[in-house]
Amino acid sequence: MTDTPDLEILGLISTQYASETHAAKSGWIDKAYLAAHAKAHEYAGFDRVLIGYNSASPDGFQVAAYAAAQTTTLKFLLAHRPGFTAPTVAARQLATLDQLSDGRLAVHIITGGSDEEQQRDGDFLTKAERYARTDDYIAVLRKAWTSEGPFDHEGPFYRVKGAPAAVKTLQQPHLPIFFGGASDEAVEVAGRQADVYALFGEPLEQAREIVGRVRAAAAANGREVKFSMSLRPILARTEGEAWDRAARILDDAKALKASRGGQSRYSSARGGQRLLEAAAGGAVRDARLWTEIAALTGAQGNSTSLVGTAEQVVESLLAYYDLGITKFLFRGFDPLEDAIQYGHELLPALRAAVAARGAPRVLAAE
């Protein structure tokens, strides 16, 4: 669906209808909702959708396979955490899914910023050790996908001898590799391994800083990296109506939080901490970046919004685009309904604006 070579618009699908403002009304896996959510994104014109990961979520490989069977053109970004599956096994799983989905798969490597969550699945490495393991893990993935014959690997975390590398990805030379993490260790790994570096919706100055750091790390390795940003757009017919809607969303999120005991677990990941730092600078940053949900929830994931009319939100997105951010992930607080609204209002306007703009101005410091 992309009208320009670099612009890619992503959404997020899940196995139950839930958000910061909606308590889940079904079990963990509602097949009808998952199918409807995937089809809604395809209908709305999204290029790709993320399938998230946490220590309590349903298995993403199976979710992706089911969603792929429900759609024909929609692409998928499967979040995958190293350390729980051998990289040679994961390489075959991902390549098989890419083949069965007709080349519609990308992988989002998330190292894990929370010691507590990692330990739920039996991982007790330190954060620095996890990033070193991720670096080694991706190196094995790449060898499995690109080696023409059996290969060996001798790394700090993985040792492989005579791996057959028999199952290749349909996409060549391999799947797109997205990568997240804002710590110094993460930036170094991104510079060596990422095809796309993913960041949350930060103020322009913060975004410029992290894009510059990642770009420099990639250049030091003779590489280039593309960039993705995740946001929660809140749209309405007028700017005033959009801010009124944001106020209602905040009230609903506070009520749901109170019903669950009123406690927030603040993110220990550097990316989440950066959102909390942005929120500490004000409820609204730049022209319309709204931070109050991030502050309320402890910045557990993608939680900042651009608020306004579709045209105003696109104007803000173009400022990020000019930093070199050419991929945008949008998800709403009303997950199904907002995906359809974005398809009617936001996606066409953004594609038209980017087509008129041409190449990003790349204002980030080198």
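Just checking, which of 283, 353 is more than 25 Å from residue 263 (Cα to Cα) and either surrounded by fewer than 24 Cβ atoms within 10 Å (Cβ to Cβ) or β-branched (Val, Ile, Thr) (or both)?
Numbers: 283 fails: more than 25 Å from residue 263 (Cα to Cα).
Being more than 25 Å from residue 263 (Cα to Cα) and either surrounded by fewer than 24 Cβ atoms within 10 Å (Cβ to Cβ) or β-branched (Val, Ile, Thr) (or both) holds for just one of 283, 353, which is 353.
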Seminar exercise, completed: Exactly one of 199, 175 is in contact with a helix residue (DSSP H, G or I) (Cβ under 8 Å, 6 or more places away or on another chain), open to solvent by less than 20 Å² (accessible area, probe 1.4 Å) and not in a loop (DSSP other than H, G, I, E, B), and that one is 199
For this session: From 122, 103, 113, 149, grab the single residue that is open to solvent by less than 50 Å² (accessible area, probe 1.4 Å), in a loop (DSSP other than H, G, I, E, B) and on the phi > 0 side of the Ramachandran plot.
Result: 103
Problem set entry | Residues that are modelled with pLDDT of 95 or more and either open to solvent by 80 Å² or more (accessible area, probe 1.4 Å) or in a helix (DSSP H, G or I) (or both), drawn from the stretch 158-172 | 159, 161, 170, 172
Seminar exercise, completed: Inside the stretch 296-310, the number of residues satisfying the requirement of being at pLDDT below 95 and either basic (Lys, Arg) or under 16 Å from residue 247 (Cα atoms) (or both) is 1
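Restricting to the stretch 254-272, give me the number of residues that are assigned to a helix (DSSP H, G or I) and under 27 Å from residue 48 (Cα atoms).
So in the stretch 254-272, the residues assigned to a helix (DSSP H, G or I) come out as 254-259, 270-272.
The next check asks that each one be under 27 Å from residue 48 (Cα atoms); those that pass are 270-272.
Residues in the stretch 254-272 being assigned to a helix (DSSP H, G or I) and under 27 Å from residue 48 (Cα atoms): 3 in total.
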Problem set entry | Residue that is most open to solvent (accessible area, probe 1.4 Å) [pool: residues in the stretch 322-337 that are part of a helix (DSSP H, G or I) and in contact (Cβ under 8 Å) with a residue 60 or more places away in the chain] | 336
Exercise. Failed condition for residue 302, given (1) in a helix (DSSP H, G or I); (2) open to solvent by 10 Å² or more (accessible area, probe 1.4 Å); (3) touching a strand residue (DSSP E or B) at 6+ places or on another chain (Cβ under 7 Å); (4) closer than 30 Å to residue 25 by Cβ, with all others met?
Worked result: (1)
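Against the condition of a type outside the set (Val, Ile, Thr), crowded, with 18+ Cβ neighbours inside 10 Å and either in contact with a helix residue (DSSP H, G or I) (Cβ under 9 Å, 6 or more places away or on another chain) or over 23 Å from residue 232 (Cβ atoms) (or both), how does residue 50 come out, does it pass?
Working: of a type outside the set (Val, Ile, Thr): yes; crowded, with 18+ Cβ neighbours inside 10 Å: yes; either in contact with a helix residue (DSSP H, G or I) (Cβ under 9 Å, 6 or more places away or on another chain) or over 23 Å from residue 232 (Cβ atoms) (or both): no.
Judged against the criteria, residue 50 is not a match.
For the stretch 64-75: of the residues being part of a helix (DSSP H, G or I) and either under 14 Å from residue 36 (Cβ atoms) or free of Cβ contacts under 8 Å to residues at least 24 places away in the same chain (or both), which is least open to solvent (accessible area, probe 1.4 Å)? Quick ask: steps written out before the conclusion?
Of the stretch 64-75, the ones part of a helix (DSSP H, G or I) are 64-70.
This time we only want the ones that are either under 14 Å from residue 36 (Cβ atoms) or free of Cβ contacts under 8 Å to residues at least 24 places away in the same chain (or both), so: 66-67, 69-70.
On the way: 66: 72, 67: 0, 69: 78, 70: 54 Å².
Selected residue: 67.
The values are calculated or read from the model by the stated rules, or taken from the named source; none is laboratory data. Given the structure is predicted, the values throughout are model-derived calculations rather than measurements. Cβ: placed from backbone, ideal geometry, glycine included. Neighbour counts: every protein chain shown. Calculation scope for accessible area: heavy atoms of the full protein, side chains included, ligands and nucleic acids excluded. Shrake-Rupley method; radii C 1.70, N 1.55, O 1.52, S 1.80 Å.
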